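What follows is a set of notes on a single structure, which appears directly below.
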Amino acid sequence: MWSLEDAVRVVAARGRLMQALPEGGAMVAVQAAEGELELAGGVELAAVNGPSSVVLSGDEEAVLAEAARWSDRRTRRLQVSHAFHSRRMDPVLDEFRRVLESVTFHAPLVPFVSSVTGTPVTDELCDPGYWVRNVRETVRFADAVVAAEAGVFVELAPDAVLSGPVAESAEGVVCVAAQRAGKPAAQAVVTALGTLHAHGVGVAWDRFFAGTGARRVELPTYAFQRERFWL
């Protein structure tokens, strides 16, 4: 959708503008459904990650007070520098729009499901206003998972944060995390690839093993035909 140069400009500008905002505010993950919320002033719905997984964002005192109302549910304060997806982002929106209006948009080459609309999108991605909304509005992740209509999801992140909400949002899906906190990175990747392979996803094993000297071997047909292969 963007050239690499334009994409870098957009990403760098977004990070720079957000970090320039005054620190403060808070974000809290709450085990609750969107329909259960009745948010007071200073608190906004930052994300809907699953049927019973939301994130609140806004002024620190108001957000923490709202989280305290859910003391009978699981809550977790997120370790973030700013209260993203809340009105505290408003001061940078105009400048971010100007950056977006300076880059060249192209029609997307791959199918894209939006976490802004929660639906598949095409032409919307070429509108600078869409990406301003991406900064400010609620992340509708759960809706996007359902709209993707996929049987297998792969989470590319430092930890398996969204694998649970994915499985909760769409019945019968498989969500594989490429990394897990506390697990060696190489082991996590190989486990993920093996799980994907077992669920019928094509894996380019030749590329994965390139340069390692690995080779294919014939396996026994029956369990009682045993042959050792020493590493």
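How much accessible surface does H106 have with a 1.4 Å probe, in Å² rounded to 10?
90
What do you get for the angle between helix 4-20 and the principal long axis of the chain? Use alpha-carbon atoms, 0 to 90 degrees, nearest ten.
Value to nearest ten degrees: 50.
Before rounding to the nearest 500, sum -39500 (n - 2.57) across all DSSP H runs of length at least 4 in the chain and divide by the residue total; then give [θ] at 222 nm in deg cm²/dmol.
For the chain, the value works out to -9500 deg cm²/dmol.
Counting GluC sites (Glu not before Pro) as exposed when in a DSSP loop with at most 11 other beta carbons within 10 Å, what is the longest stretch of the chain free of them?
39-100
Could you compute how much accessible surface R76 exposes when probed at 1.4 Å, giving the result in Å² to the nearest 10?
130
Need the full-extension length gain, T122 to L39, defined as separation in residues times 0.36 nm minus the C-alpha distance. One decimal, nm.
Gain on stretching T122 to L39: 26.6 nm.
State the antiparallel share, in %, of DSSP beta bridges confined to the range 1-100, rounding to the nearest 5.
Within the range 1-100, antiparallel bridges account for around 95 percent of the total.
Subtract the Cα-Cα distance of D206 and A107 from 0.36 nm times their separation in residues, and report this length gain in nm to one decimal.
32.4 nm
Keeping all protein chains in place, calculate the accessible area per residue for the range 1-95 (probe 1.4 angstrom), answer in Å².
I get 53 Å² per residue for the range 1-95.
Rounded to a whole number, what is D in µm²/s for the chain from Stokes-Einstein with the Kirkwood radius over alpha-carbon pairs (20 °C, 1.002 mPa s)?
104
Can you tell me the dipole magnitude for the chain around its Cα centre, using point charges on the Cβ only (Lys, Arg +1; Asp, Glu -1), in Debye to the nearest 20?
1040
For the range 99-135, which chymotrypsin sites (Phe, Trp or Tyr not before Pro) pass both filters: DSSP loop (anything but H, G, I, E, B) and at most 10 other C-beta atoms within 10 Å?
Passing both the DSSP loop test and the Cβ count: no residue.
In degrees, nearest 10, range 0 to 90: what is the angle between the Cα axis of helix 185-198 and the longest Cα principal axis of the chain?
So the inclination is approximately 70 degrees.
Counting only DSSP beta bridges with both residues in the chain, what percent are antiparallel, rounded to the nearest 5?
Beta bridges within the chain, antiparallel portion: roughly 75 percent.
For S81 and V11 in one chain, what is 0.36 nm times their gap in residues minus the Cα-Cα distance, to one decimal in nm?
Additional length available on full extension: 23.5 nm.
Using the Kirkwood radius built from alpha carbon pairs, what does the Stokes-Einstein equation give as D for the range 74-210 at 37 °C and 0.692 mPa s, in µm² per second?
Reported coefficient: 187 µm²/s.
The values are calculated or read from the model by the stated rules, or taken from the named source; none is laboratory data. It should be emphasised that the depicted structure is a prediction, and the values quoted were computed from it without experimental measurement. Ideal geometry is used to build each Cβ from the backbone, glycine not excepted, and the neighbour counts take in all protein chains shown. Side chains are part of the model used for accessible areas, which takes the heavy atoms of the whole protein and leaves out ligands, DNA and RNA. Shrake-Rupley method; radii C 1.70, N 1.55, O 1.52, S 1.80 Å.
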